[in-house]
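Trainee: Sharing a structure, written as structure tokens. Questions coming.
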Amino acid sequence: MRVAALQYDISWEDPPANHRRLLPWIDTAVAADARLLVLPEMYACGFSMNTEAIAEPMDGPSTAFLRDQARRTGMWICGSIPERARPQDRPRNTMVLAAPDGKVTRYHKIHPFTFAEEHRHYDAGHTYTTIEIEGVRVTLFICYDLRFADAFWETASSTDCYIVVANWPEQRRYHWQALLRARAIENQAYVVGVNRVGSAAKLSYAGDTAIIDPAGEVLAEAKRTETLIFAPVEAARVRDARDAYPFLRDRRT
């Protein structure tokens, strides 16, 4: 499966502007034969705590955009959205994965980023989400989840590829880079880490989007500019790595 990962400068709290700017990037990914396109955390609004302004209902405009583009292109597309299940509920930071047939799969961020008081504005999720995409078992995570190795360990046996979408600030960029590679190495799985670039709410973002193989080798990476990167993800390569070096069998939990 050919994976595309897009890092870009998200327009602050402006979903229509972000939807418009994504269209040419989506067409570029399709032209390059990508089967899965991964967008950053809060892809349509930025990492905002202003939930009264930005939170969307389930199947709101930003979910509809992903669904419509997946149907139009025949490609899987995912990114996270501030989404309310019901009008009276607090929103959750929700990864929405749209399939080419329009079906949507969701993952709710399990670890709100308390340092930025995300927990005061968003409810935490409670369950992992793994889905098979064209023969590859994909597990979804969002930003701060990356710091919690036990979540990756718990899902490793059923995962070929982890997707981690983020708004990870530049001042902690080395943590992002190191943890992405660590999660790939310790779980012998691909990791697709997609971060934003630019600046918002007094924070700067360096991107550092990367696609990493089960041995920790960086197959593709980006730095500070808006760009699209590509790499193949193969379930057979995960099986071969785990058969050659059966480290996971020795794990005690």
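The values are calculated or read from the model by the stated rules, or taken from the named source; none is laboratory data. Because the structure is predicted, anything quoted here is derived from the model rather than measured. Here the Cβ positions follow ideal geometry from the backbone for every residue, glycine too, while neighbour counts run over all protein chains shown. Just the protein is used for accessible areas: all its heavy atoms, side chains included, with ligands, DNA and RNA removed. Shrake-Rupley method; radii C 1.70, N 1.55, O 1.52, S 1.80 Å.
Trainee: Can you tell me which of (1) under 20 Å from A34 (Cα atoms); (2) part of a loop (DSSP other than H, G, I, E, B) is the one T253 doesn't meet?
Mentor: Unmet for T253, out of (1) under 20 Å from A34 (Cα atoms); (2) part of a loop (DSSP other than H, G, I, E, B): (1).
Trainee: Tally time: how many residues in the range 206-237 are under 16 Å from V136 (Cβ atoms), open to solvent by 20 Å² or more (accessible area, probe 1.4 Å) and in a loop (DSSP other than H, G, I, E, B)?
Mentor: Going through the range 206-237 one residue at a time, the tally reaches 1.
Trainee: Among (1) surrounded by 17 or more Cβ atoms within 10 Å (Cβ to Cβ); (2) at negative phi; (3) touching a Pro at 6+ places or on another chain (Cβ under 6 Å), where does L203 come up short?
Mentor: Answer for L203: the failing condition is (1).
Trainee: How many residues, within the range 141-158, are acidic (D, E) and in a strand (DSSP E or B)?
Mentor: Residues in the range 141-158 being acidic (D, E) and in a strand (DSSP E or B): 0 in total.
Trainee: Among the residues of the range 159-187, which ones are in a helix (DSSP H, G or I) and under 14 Å from I142 (Cα atoms)?
Mentor: W176, L179, L180, R183
Trainee: Does the range 40-49 contain at least one residue that is of a type in the set (D, E, K, R), open to solvent by 70 Å² or more (accessible area, probe 1.4 Å) and touching a residue at least 12 places away in the same chain (Cβ under 8 Å)?
Mentor: Within the range 40-49, none of the residues are of a type in the set (D, E, K, R), open to solvent by 70 Å² or more (accessible area, probe 1.4 Å) and touching a residue at least 12 places away in the same chain (Cβ under 8 Å).
Trainee: When both residues are 6+ apart or on different chains and their Cβ atoms are under 9 Å apart, which pairs have a first residue that lies in the range 93-110 and is in contact (Cβ under 8 Å) with a residue 60 or more places away in the chain, and a second that is surrounded by 19 or more Cβ atoms within 10 Å (Cβ to Cβ) and aromatic (F, W, Y)?
Mentor: M95/Y107; M95/F141
Trainee: Also: Do you know which residues across the range 174-222 are over 28 Å from A241 (Cα atoms) and touching a strand residue (DSSP E or B) at 6+ places or on another chain (Cβ under 8 Å)?
Mentor: R196, V197, G198, S199, S204, Y205, A206, G207
Trainee: When the residues of the range 93-146 are filtered to those that are under 18 Å from the mean Cα position of the chain (by Cα) and of a type in the set (K, R), which remaining residue is nearest to C45 (Cα to Cα)?
Mentor: Of everything passing the filter in the range 93-146, K109 is nearest to C45 (Cα to Cα).
Trainee: Next question, about the same structure. Quick check: is even one residue across the range 188-200 crowded, with 20+ Cβ neighbours inside 10 Å, of a type outside the set (D, E), in a helix (DSSP H, G or I) and in contact (Cβ under 8 Å) with a residue 40 or more places away in the chain?
Mentor: Scanning the range 188-200 turns up no residue that is crowded, with 20+ Cβ neighbours inside 10 Å, of a type outside the set (D, E), in a helix (DSSP H, G or I) and in contact (Cβ under 8 Å) with a residue 40 or more places away in the chain.
Trainee: How many residues, within the range 52-67, are closer than 29 Å to D33 by Cβ and either free of Cβ contacts under 8 Å to residues at least 12 places away in the same chain or within 18 Å of the chain's Cα centre (by Cα) (or both)?
Mentor: Total satisfying the criteria: 6.
Trainee: Of the numbered conditions (1) within 19 Å of N187 (Cβ to Cβ); (2) open to solvent by 40 Å² or more (accessible area, probe 1.4 Å); (3) in contact (Cβ under 8 Å) with a residue 12 or more places away in the chain; (4) not in a strand (DSSP E or B), D240 satisfies every one except a single condition; which is it?
Mentor: (3)
Trainee: Here's a follow-up. Among the residues of the range 71-128, how many are out of contact with any Pro (no Cβ under 8 Å at 6 or more places or on another chain), of a type in the set (S, T, N, Q) and closer than 20 Å to L6 by Cβ?
Mentor: The number of residues fulfilling the criteria is 1.
Trainee: Consider A32 against the criteria (1) open to solvent by 10 Å² or more (accessible area, probe 1.4 Å); (2) among the aliphatic types (A, V, I, L, M); (3) under 19 Å from the mean Cα position of the chain (by Cα): it satisfies all of them except one. Which criterion is unmet?
Mentor: With respect to (1) open to solvent by 10 Å² or more (accessible area, probe 1.4 Å); (2) among the aliphatic types (A, V, I, L, M); (3) under 19 Å from the mean Cα position of the chain (by Cα), A32 is out only on (3).
Trainee: Now, a different point. Looking at the range 174-187, which of its residues are open to solvent by 40 Å² or more (accessible area, probe 1.4 Å) and of a type outside the set (D, E)?
Mentor: Those that are open to solvent by 40 Å² or more (accessible area, probe 1.4 Å) and of a type outside the set (D, E): Y174, H175, Q177, A178, R181, I185.
Trainee: Please go through the range 99-118 and pick out each residue that is under 18 Å from V164 (Cβ atoms) and not basic (K, R).
Mentor: T105, Y107, H108, I110, H111, P112, F113, F115, A116, E118
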